[in-house]
1. When ranked by the protection proxy of mean other Cβ atoms within 10 Å per residue, highest first, what sequence do the peptides 386-396, 405-415 form?
2. By its C-alpha gyration tensor, with a ≥ b ≥ c as the square roots of the eigenvalues, how is the stretch 1-118 shaped: rounded for a/c under 1.5, else prolate for a/b larger than b/c, else oblate?
3. Can you work out the FRET efficiency for the pair Arg276 and Thr30, with r the C-beta to C-beta distance and R0 = 22 Å, to the nearest 0.05?
4. Short version: ³J(HN,Hα) in whole Hz for each residue of the stretch 325-332, in order, from phi by Karplus 6.51 cos²θ - 1.76 cosθ + 1.60 (θ = phi - 60°), x for Gly and Pro, what are they?
5. Quick check on packing: order 119-125, 304-310 by the mean number of other C-beta atoms within 10 Å, highest mean leading.
6. How large is ³J(HN,Hα), in whole Hz, for each residue of the stretch 279-293 in order, when computed from phi with the Karplus curve 6.51 cos²θ - 1.76 cosθ + 1.60 and θ = phi - 60°, using x for Gly and Pro?
7. Checking the cross-link filter: which lysines have an alpha carbon closer than 27 Å to that of Lys81, excluding same-chain neighbours under 8 positions apart?
8. Looking at the chain only, what percent of DSSP beta bridges run antiparallel? Nearest 5 please.
Amino acid sequence: MLIRHIMLENIRGLGYDAPLELALEPMDGTLAGWHVVVGPNGSGKSTLLRAIALACAGPGVIKALQPSRGWWLGDSKSPAKVAVVLDKGADDAWYTPHLESGGEFEGVGESGTVKLEVRLSATQMTGTGGPEEPAHGPWIDNDQPPGWFIAGYGATRHIADGNRFPGDGGISESRPVAQLSSLFAANGAIADPVSWLKQLKLQEEPLLPRLLELVSDGLLPRSGKAVGVESDGLLLHEDGRTLPLTSLSDGYQTVVALVLDLVRQLARTRGGIRTRRQDGRAIIENEGVVLIDEIEAHLHPGWQRRIGAWLVAHFPNMQFIVTTHSPFICQAATSGCVVRLAHPDEGSASRVLTRAELEPVVNGTADDIYVSSLFGIDSTRSPAGEALLARASELEAKILDRVATDEERAEYRRVKARVPPSADVLQALDAARLRAG
């Protein structure tokens, strides 16, 4: 499944004055890819991801993650609603009950869309959908049919202590609950993947070599390679040394843990995980939706520039919907779209950027994006730098008008020396020097 349309009504302030409708219209025409949600603090970015999870997973799953209906309604006494229109995938199936046999899973039939909707009030949470009944399809909990995959990760995403996973044997949480638990949990932890990797090694699973190849393909620093799994965990070879993953920074550990957890969740689905090789790269073919809150958390700006393209390249059929405060994350939306949520105090409407608005975002510099309407920052310079620049402009005007004193001319030279040109100006100068030889 992939999401085509989102509608919210009175969900913690989203769609309060009027229903909020977001049509995901990507630049390249495909719904799989990198969809980015931006907006100021308090605009509802995290709420939007959780509302998407509610509609896709259904009331039964979400009640285990967020049992309070009051959380969704906030201070409002009015009923709330969230709906998604999904493109049904080739792997998706419905459960069809039969009196004589109990039932079976059948393909969704003709390609097309299905609408899933959840309504909330102070007294109840109910779901509707059609034309098929979602309780027999994507909303089945313990025995979820093939397809309909959705996973979510919260903003903190530290690696949890211990070696047991939510949803595994001995833990009461179901698989669909486990796939979304990080998005709703206060600490947003990701399960440590080491015990699962060790299990794959003991069982001589052919998936393990593909996982090592996946992690080694640009996910580690300085062209490091994942070489095996031992008692110390995932072992890496880097600069002639063999060391455990835990020796890397929190940022690298968290990214690797998120990728491995996503693969583990896919491997536990009824249809299992499907991999292939393409251009020497390990590719995960499964389709579904992945929600990640504040994707840039723990990541150096260099990694923020790369993470979107990396995930899309290795999970080409997945639809990633991520929130961010980083312009670098927005630049990867060449295969998706950008949603700009407005704060209630802004007096503007939340919306999906048009193609014309998106072009300078994916092709411009970080400074261009910061000062655009997407982030609305007046300047990327520090307040002190802005003051120097203003003084330089004031002195320059006097010099041009030929009224500057010798002291002001000297001051102008000192101020200009302290205000460096912007990065794009420096790049243009370097390019000009290269062309000149």
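Quick note: the coordinates plus some simple rules give every number you see, no bench work behind them. Model, not experiment: these values are computed from the prediction. Neighbour counts run over all protein chains shown; Cβ positions are idealised from the backbone, glycine included.
1. 386-396, 405-415
2. The shape class here is oblate.
3. The formula returns an efficiency of 0.75 here.
4. Here the 3J(HN,Hα) series is 10, 10, x, 5, 5, 5, 5, 7 Hz.
5. So the order, starting with the most tightly packed, is 304-310, 119-125.
6. 6, x, 10, 7, 10, 9, 8, 4, 9, x, 10, 10, 9, 10, 8
7. Partners found: Lys45, Lys63, Lys115.
8. 70 percent
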